[in-house]
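The values are calculated or read from the model by the stated rules, or taken from the named source; none is laboratory data. Keep in mind the model is a prediction, meaning the values are calculated, not measured. Here Cβ is always computed from backbone atoms with ideal geometry, including for glycine, and neighbour counts include all displayed protein chains.
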Amino acid sequence: MTMSPELRDRTILIVDDTPANLAVAVAMLERQGLNLAVAQSGDEALRRVAFAPPDLILLDVMLPGIDGFEVCRRLKAGPAPAAAVPVIFMTALSGTVDKVAGFRAGAVDYVTKPLQAEEVLARVTTHLRLAAMQARLAGQNALLLAENRERCAAEQALRQYRDNLEQQVAARTAELRDSEAKFRSLSENLPDPIVRYDWALRRTYANPAYERAMRLRPGQALGRIRPQEWRADLPLARFEAILQSVIDSGEQTEVGLSFPATGNRLRDVAIRMSAERGAGGDIIGVLAIGRDVTVQKQAERQLAASHAQLRELGAHQECAREDERKHIARELHDELGQSLTALRMQTALLRVRFGADVPGLNEQVRGMTELVDRAIGVVRNVATTLRPAALDLGIGSALEWLVDEFRKHSGIDCSLTLALEDGQLDEKQAITVFRIVQESLTNIARHADASETAVTLRCSGEQCELAVDDDGGGFDPARVRPHTFGLLGIRERVLNLGGQVTVSSRPGGSTRISVHLPLPPASQTRTKEETL
């Protein structure tokens, strides 16, 4: 009989005090590829097993000192793994009582002496296989027990988690109910309309104020908004698009609506829309809260109308002032200027006729002529200040004259750049541009401490661009001194013509006044570019 390969390299302890028996047992088992250990007494056998437990023990019954029965009983009573090692008795005793005593001591089998190779090999093979099977079963049982423990622990954890989750859900549900009750109690007593929309833009809640504003019966304000009930000035499709944008982006927004009220009045409502999120943070709808701003809107409209009237009045006064300046300048030039010129001519004629006959007359006439010349110069300066005659020649000529005068009186270098299309500026616009440049240069001469100034006027197509730059000390446009109306006057002049003005400056830096004026359509003519 040959030992199967899976049982080779197993260790067997042979315990016998007779060398001949040991030699026989060792010889028949070594040929099977087994590892053998030998002990010649019970005490030695117990020590070997305690040090390195074998896979099987062949134990002689009759041993010196403690016999085989006692050795077996001690092994089985000891700790694992020694207690699990199968024991086969080797005995010459054939009585039933002796065999029963061996089984009671813990043996699994016995072989009789003298030893027969086939019998020993069969019993050893059988019990090694049984031991291997038991080891495998023990391992499987251990795995099953471990898996069972893990499953029980997992089930226990799952039950605990489920219980905790149920408690949390119950607590959260109670909180939501309480929050919903508070929300409804608050919203139903507010005078402002409040509506909830879900992700499909359906109204899931509307307070009584909304129902009254939309003239709906209680409970009728649920579901999608019906076109026949929409009475706002904003189209319903546009309103729903705004709701959808809040759902898509999650960003808060506000929209103003006007509803017809009693009579011919309007009711203005500002609606703030905010995204509502669920427990997981996902957007589930929109909360829209309205606020009646009719009084504020009426005040804004009245204020805007008042501003428009004030601006119109200012524009009218400015036009009247320009007309008066023009009238006075012409009166001075035509009436007083001509009278002074005639007086000078009469004075000169008086000297020619009577200067030789009347002593001292020439000196008197010369003094009178000088006084008349000074009066003519004053009249001319006053008339020019009121309205430069160059304006009648066009805005380009007027700005050239203004820049020349600025250079003479201020000593500041000033360049002028013109890019004009003929016929683009009407008289009102030309006067406005001239006055803006005049006011800007006056401010530069008084406050800027500049060494260089540049004036640029470009008109083409439907727009006129004016820029006045200086390299002076600059200022903070947000902190203009009180009771100074230069910049304010410039802004008002530009606004009256529907334009825009920008002042760019900073303390210690340069300053630019930029003006954009819309121009009426005009015939396209050649462009002239001139830099002075």
Task: Matching residues in region 164-202 - criterion: being touching a residue at least 40 places away in the same chain (Cβ under 8 Å) and more than 32 Å from the chain's Cα centre (by Cα) - done: 191
- [ ] Determine the pairs where a residue that is in the same structural domain as residue 85 (by TED's automatic domain parsing), located within region 116-144, has a partner that is among the acidic types (Asp, Glu) with Cβ atoms under 8 Å apart, the partner being 6 or more residues away or on another chain.
- [x] 123/109; 126/109; 127/109; 128/55; 131/55; 132/6
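A quick yes/no check of all residues on (1) under 25 Å from residue 295 (Cα atoms); (2) outside the structural domain of residue 194 (by TED's automatic domain parsing); (3) touching a strand residue (DSSP E or B) at 6+ places or on another chain (Cβ under 9 Å):
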residue: 241; (1), (2), (3): no, no, no
residue: 249; (1), (2), (3): no, no, yes
residue: 254; (1), (2), (3): yes, no, yes
residue: 272; (1), (2), (3): yes, no, yes
residue: 275; (1), (2), (3): no, no, yes
Task: Residue within region 213-223 that is surrounded by 14 or more Cβ atoms within 10 Å (Cβ to Cβ) and within 22 Å of residue 280 (Cα to Cα) present - done: no
- [ ] Mind telling me which of the residues 210, 205 ends up being at negative phi and assigned to a strand (DSSP E or B)?
- [x] 205
TODO: Inspect all residues belonging to region 118-132 and state whether any of them is acidic (Asp, Glu) and surrounded by 15 or more Cβ atoms within 10 Å (Cβ to Cβ).
DONE: no
Open item on the list: When the residues of region 469-484 are narrowed to those that are assigned to a loop (DSSP other than H, G, I, E, B) and farther than 15 Å from residue 440 by Cβ, which ends up modelled with the lowest pLDDT?
Closed with: 483
Task: Which numbered condition residue 159 misses (of (1) over 60 Å from the mean Cα position of the chain (by Cα); (2) not assigned by TED's automatic domain parsing to the domain that holds residue 18) - done: (1)
Open item on the list: When you check residue 36 against the structure, is it modelled with pLDDT under 90, touching a strand residue (DSSP E or B) at 6+ places or on another chain (Cβ under 8 Å) and part of a strand (DSSP E or B), yes or no?
Closed with: yes
Open item on the list: So, in region 224-254, exactly how many residues are among the aliphatic types (A, V, I, L, M), loosely packed, with under 11 Cβ neighbours inside 10 Å and either within 17 Å of residue 267 (Cβ to Cβ) or in contact (Cβ under 8 Å) with a residue 24 or more places away in the chain (or both)?
Closed with: 0
- [ ] Taking residue 129 as the residue in question, decide whether it is touching an Asp or Glu at 6+ places or on another chain (Cβ under 7 Å) and within 30 Å of residue 62 (Cα to Cα).
- [x] no
Open item on the list: Given the options 356, 389, 448, 398, name the one that is modelled with pLDDT under 85, farther than 23 Å from residue 510 by Cβ and under 58 Å from the mean Cα position of the chain (by Cα).
Closed with: 398
- [ ] Kindly indicate whether residue 232 is closer than 19 Å to residue 287 by Cβ and not in a helix (DSSP H, G or I).
- [x] yes
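Rundown of residues vs (1) among the aliphatic types (A, V, I, L, M); (2) closer than 23 Å to residue 517 by Cα; (3) surrounded by 17 or more Cβ atoms within 10 Å (Cβ to Cβ); (4) modelled with pLDDT under 85, yes/no style:
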position: 337; (1), (2), (3), (4): no, no, yes, yes
position: 340; (1), (2), (3), (4): yes, no, yes, yes
position: 344; (1), (2), (3), (4): no, no, yes, yes
position: 383; (1), (2), (3), (4): yes, no, yes, yes
position: 420; (1), (2), (3), (4): yes, yes, yes, yes
Open item on the list: Please go through region 504-518 and give me each residue that is part of a strand (DSSP E or B) and surrounded by fewer than 18 Cβ atoms within 10 Å (Cβ to Cβ), ordered by number.
Closed with: 504, 512, 514, 516, 518
Task: Search result, residues across region 485-503 that are out of contact with any Leu (no Cβ under 6 Å at 6 or more places or on another chain) and outside any helix (DSSP H, G or I) - done: 485, 498, 500, 501, 502, 503
Open item on the list: Suppose we filter 399, 425 for residues that are assigned by TED's automatic domain parsing to the domain that holds residue 501 and in contact with a Phe, Trp or Tyr (Cβ under 9 Å, 6 or more places away or on another chain); which single one remains?
Closed with: 399
- [ ] Give 376, 283, 328, 289 a once-over and let me know the one that is among the aliphatic types (A, V, I, L, M), in contact with a Phe, Trp or Tyr (Cβ under 8 Å, 6 or more places away or on another chain) and at pLDDT 75 or above.
- [x] 283
Open item on the list: Quick check on my filter: what residues within region 53-80 are in a loop (DSSP other than H, G, I, E, B) and either free of Cβ contacts under 8 Å to residues at least 24 places away in the same chain or over 15 Å from residue 12 (Cα atoms) (or both)?
Closed with: 61, 62, 63, 64, 65, 66, 67, 78, 79, 80
TODO: Taking the options 139, 65, name whichever one is within 30 Å of residue 35 (Cβ to Cβ), at pLDDT 85 or above and surrounded by fewer than 15 Cβ atoms within 10 Å (Cβ to Cβ).
DONE: 65
